[in-house]
């Protein structure tokens, strides 16, 4: 029997085979009509196994299909070509073009980004407008709690504005609100206000213009009267004046006309504004400090007096009172009612005060200031709260003894009684009347005079004052001789409502006597 081969793959077939064992091709039997024959009988619908399915299920068969055996070449190549040219359903499915992706989300994202950019630019243009930036700058300068540095720029590039060094300008404008308002109104229509300018300086976000208030820096010329003085500004040391800082100028203190050598030193640049300076040094063995406040103006140099001066002066007060100068104990008031301090280091704002013990209590006087309370005689007299001042006590005692002189000319002494607590019933009033009448009735006395002078005052208790005073008695006798006597008293004055009245004239102690 002749061999048969698969018309699809050329594989040798066994007799009676209905399917090719190699590729699974369905073979016709002798009774089946040829394809396309009109007499072909209908078949039962049995699923036909595709060659690709068999190949995938049988790796060996798949390999063989790709490498056909050496069968007769007359029929196999033609059959294989026909099989390759007829696409299977699986291959047709793989050849379908994939469906393209939608571009709609991309366009939506681009649109959203455009809206955000346009809106952001509109908001930024408003926020960074020239006027709105000016509004924020003025607001920051009006309060020391704000950071004003982003709104300021120095015309001198060596000075960098920071949150801290901008505070002096904020302190200045806080106390000069009207000037800050004028600066704002000017900058609304102009770029220049004195030594300040409103300028464009760089950009925000590389898009929006930055505006800042530009200023000319300020400088300070420190001036003192001693070398070796250390000066601090806001607690930070800025200079120590040495012999190299000696100037040809003369230094005059605010309380003395004596010229001294001036030492000067220039510091800066600074942001304009209100500054506080403290100078310290040792003079005549005493450590002393001086403070000075100054407003440094833009584009100029301001002289700041930080002198440490020595002065010879007298402190007037009650005997035994302790004297404090600049917080340091300087001595004790003597019996004369005064204490002289020679070449003592002080400045214009040096304080002087006293303490005294009276009625079991310690009283502290008000603090007097050298530059304000030193009189033309270089005397300073601190007073105590609730007590009569030295000048008022001096006037009162002069009036009392002047009125006592009138007793000899009139029996009406009601005016004198008004100066005393409890009036005519006061025992010291009665003693004074008796003394004046005695002098008036002495035939050997041609004339006499009383003159009182207060040396010092001191607290003696609530609303009471101890008055140390001298009375000079002058007697002209019939024989042409003159006797002058000085007696010292420690009297007491009390505050009675809005007036002061004598409680006690005190006991007399002779100071001197002279007859001519």
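Ordered by the number of other Cβ atoms lying within 10 Å of each residue's own Cβ, fewest first, 450, 263 fall into the sequence 450, 263.
Taking the number of Cβ atoms within 10 Å of each Cβ as an exposure proxy, the fewest-first ranking of 400, 271, 511 is 511, 400, 271. Entry note: region 126-215 has Rg to Rh equal to 0.94, where both radii use alpha-carbon atoms and Rh is the Kirkwood radius. What the Cβ-Cβ distance of residue 402 and residue 158 gives, at R0 = 56 Å and to the nearest 0.05, is a FRET efficiency of 0.20. Sorted fewest first by neighbouring Cβ atoms within 10 angstrom, 252, 353, 211 come out as 252, 353, 211. The alpha carbon gyration tensor of region 199-253 gives principal lengths a ≥ b ≥ c with a/c of 1.5 or higher and a/b greater than b/c, which makes the shape prolate. Within region 218-307, all pairs of alpha-carbon atoms sorted by distance into 5 Å bins from zero give the percentages 3, 15, 26, 26, 19, 9, 3, 0. Binning all Cα-Cα separations of region 310-380 at 5 Å, short to long from zero, yields these whole-percent fractions: 4, 18, 30, 27, 14, 5, 2, 0.
Based only on the alpha carbon positions, what is the Kirkwood hydrodynamic radius of region 390-515, in angstrom?
Computed over Cα pairs of region 390-515, the Kirkwood hydrodynamic radius comes out at 15.1 Å.
The smallest convex shape that holds all Cα atoms of region 284-427, its convex hull, gives 189 Å³ per residue.
Any read-out appearing in this document is the output of simple, stated calculations on the displayed coordinates, not a laboratory observation. Keep in mind the model is a prediction, meaning the values are calculated, not measured. Note that each Cβ is placed from the backbone with ideal geometry, even for glycine, and that neighbours are counted across all protein chains shown.
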